[in-house]
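To start, the structure under review is shown below, and the notes come after it.
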Amino acid sequence: MNNPLPPKFYNRPTLTVARELLGARLVRILDGVRLVGVIVETEGYIGEDDLACHAKAGMTPRTAPMYGPAGHAYVYFTYGNHWMLNAVTEREGFPAAVLIRAIQPIEGIEVMLARRGGRDTLGPGKLTQAMRITKSENNVNLTKSTSGLWIEAGQPISSKNVTKSPRVGLNKTPEPWLSKPWRFLVKDISVIASREP
């Protein structure tokens, strides 16, 4: 299909993008194989005032992609062994992004399972391991299929199958940022069917 979501999809309020990314398909071309997972969990991070957001420190070499064009990837390393994939949102110059926290594989399942040792992809470090997303993908244009990494429109997820909650893993982030309900989660991923036989 190779039909990436356009820049205007991302150049909107971060929480709108985070919600509407549920059900969309994250696509990775790896060694000529198309790997696809339906996005089932996201989190929004919005601006320098958001004390859970990396941009709280302002623009640095690490956070520079967040200040760039909407629809680009922001990939960073955390906890000493995990890569995290984000989609940059809102207007250029305003640092905001959506963390892709979990996917349900639907194409290239065997490849992703092998890369995960048979384990699931329900976690931000797990999905990047399954799709071999690393620093090399930092700042790639997610709105172009030539990047080898993009997001396509998928199946809409009804509101009754979506839950909102505070973001996870924020450690000592102070209130009110600790409890902002900026995490979006598909409650029942069994509704997402594999496209493989």
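The values are calculated or read from the model by the stated rules, or taken from the named source; none is laboratory data. A quick note: this is a predicted structure, and the numbers were derived from the prediction, not measured. Using ideal geometry, Cβ is built from the backbone for each residue, glycine included, and neighbour counts are taken over all protein chains shown.
Could you list, in sequence order, all residues of region 151-176 that are outside any strand (DSSP E or B) and of a type in the set (D, E, K, R)? K160, R167, K172, E175, listed by residue number.
Pairing each residue of region 1-19 that is in a loop (DSSP other than H, G, I, E, B) with any residue that is loosely packed, with under 14 Cβ neighbours inside 10 Å, provided the two are 6+ apart or on different chains, yields C-beta distances under 7 Å for N11/R91.
Inspect region 32-42 for any residue being at pLDDT 95 or above, over 22 Å from G154 (Cα atoms) and surrounded by 14 or more Cβ atoms within 10 Å (Cβ to Cβ) and give the result as yes or no. Within region 32-42, none of the residues are at pLDDT 95 or above, over 22 Å from G154 (Cα atoms) and surrounded by 14 or more Cβ atoms within 10 Å (Cβ to Cβ).
The set of residues from region 72-127 being polar (S, T, N, Q) and buried (at least 16 other Cβ atoms within 10 Å of the Cβ) comprises N86, T89, Q104, T121.
Inside region 62-106, residues that are at pLDDT 95 or above, part of a loop (DSSP other than H, G, I, E, B) and either at positive phi or out of contact with any Asp or Glu (no Cβ under 7 Å at 6 or more places or on another chain) (or both) make up a count of 8.
Restricting attention to region 140-183 and to residues that are among the polar types (S, T, N, Q) and in contact with a Gly (Cβ under 7 Å, 6 or more places away or on another chain), the residue that is modelled with the lowest pLDDT turns out to be Q155. Within region 104-145, the set of residues being in contact (Cβ under 8 Å) with a residue 40 or more places away in the chain and of a type in the set (A, V, I, L, M, F, W, C) comprises I106, I109, V111, M112, L122, L127, A130, M131, I133, V140, L142. Return the total of residues in region 20-61 being farther than 29 Å from P176 by Cβ, outside any strand (DSSP E or B) and aliphatic (A, V, I, L, M). Residues flagged as farther than 29 Å from P176 by Cβ, outside any strand (DSSP E or B) and aliphatic (A, V, I, L, M) within region 20-61 amount to 0.
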